[in-house]
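This report refers to the structure that appears directly beneath it.
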Amino acid sequence: MAPIDFLNVPERLLIFSVGDEYYGVDIATVHEITPCESVTPVPEAPPGMLGIATFRGTQVPVFDLFWKFGVEVGPSTDANLVVVDYDGSPVALRAGEVHEVAALPRDAYQPLSIPGGTGRLTQFEAVAEWHDQLVLWLDPRRLVPAAVAEAA
């Protein structure tokens, strides 16, 4: 099991849900959070790319976390866009409810490894406990395919 670099765990995570599961991204990478209202589909978009949205005059690719994690979206599903930094460029993550910015102590984080395997799950940095729930800490650079980030 690869250890976590506890010097680099985020001081605060933005906690949001996708379906019944909780996820978090380092708040330092978040540009803004907005309701998912206007996304323009892009023909022949890479898998997982919902389309593009405009934020402050910039076209931003939207990556669908519901698609990524196999969560069905119903007509009453509320969705938000969490705009994060992806190597200097913004990418929007389509997520469900945004819960809070949580300050988690370093000892709340544990490595997340594949059972019986030797490697880590590449899209997740670690798992942490928050209000008796497990939160998977996501790294947008590992989660979002480069083709999506470069699409807009």
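The values are calculated or read from the model by the stated rules, or taken from the named source; none is laboratory data. Keep in mind that what you see is a predicted model, and the values were worked out from it rather than measured. Here the Cβ is made from the backbone with ideal geometry for all residues, glycine too, and neighbour counts use every protein chain on show.
Which condition number in (1) under 25 Å from Leu112 (Cβ atoms); (2) buried (at least 18 other Cβ atoms within 10 Å of the Cβ); (3) not β-branched (Val, Ile, Thr) is the one that Arg12 fails?
Failed condition: (2).
All but one of (1) out of contact with any helix residue (DSSP H, G or I) (no Cβ under 8 Å at 6 or more places or on another chain); (2) at pLDDT 85 or above hold for Ser76; which doesn't?
(2)
Quick check on my filter: what residues within the range 109-122 are closer than 18 Å to Glu11 by Cβ and either modelled with pLDDT under 65 or surrounded by fewer than 19 Cβ atoms within 10 Å (Cβ to Cβ) (or both)?
Once the filter is applied, which keeps residues that are closer than 18 Å to Glu11 by Cβ and either modelled with pLDDT under 65 or surrounded by fewer than 19 Cβ atoms within 10 Å (Cβ to Cβ) (or both), the range 109-122 yields only Gln110.
Scanning for something touching a Lys or Arg at 6+ places or on another chain (Cβ under 6 Å), outside any loop (DSSP other than H, G, I, E, B) and of a type outside the set (D, E, K, R), does the range 92-101 turn up at least one residue?
Checked against the condition, which is being touching a Lys or Arg at 6+ places or on another chain (Cβ under 6 Å), outside any loop (DSSP other than H, G, I, E, B) and of a type outside the set (D, E, K, R), the range 92-101 yields at least one hit.
Taking only the range 48-91 into account, find how many residues are free of Cβ contacts under 8 Å to residues at least 40 places away in the same chain, among the hydrophobic types (A, V, I, L, M, F, W, C) and crowded, with 18+ Cβ neighbours inside 10 Å.
2
Can you tell me which residues in the range 23-50 are within 16 Å of the chain's Cα centre (by Cα), under 23 Å from Thr77 (Cα atoms) and among the small types (Gly, Ala, Ser)?
If the condition is that a residue be within 16 Å of the chain's Cα centre (by Cα), under 23 Å from Thr77 (Cα atoms) and among the small types (Gly, Ala, Ser), then Gly24, Gly48 are the ones that fit.
Does Val83 fit the bill of being in a strand (DSSP E or B), at pLDDT 95 or above and within 17 Å of Leu143 (Cβ to Cβ)?
Answer is yes for this residue.
So how many residues does the range 1-17 have that are modelled with pLDDT of 95 or more and β-branched (Val, Ile, Thr)?
1
Scan Glu97, Glu125 and give me the residue that is at pLDDT 90 or above and within 13 Å of the chain's Cα centre (by Cα).
Result of the check over Glu97, Glu125: Glu97.
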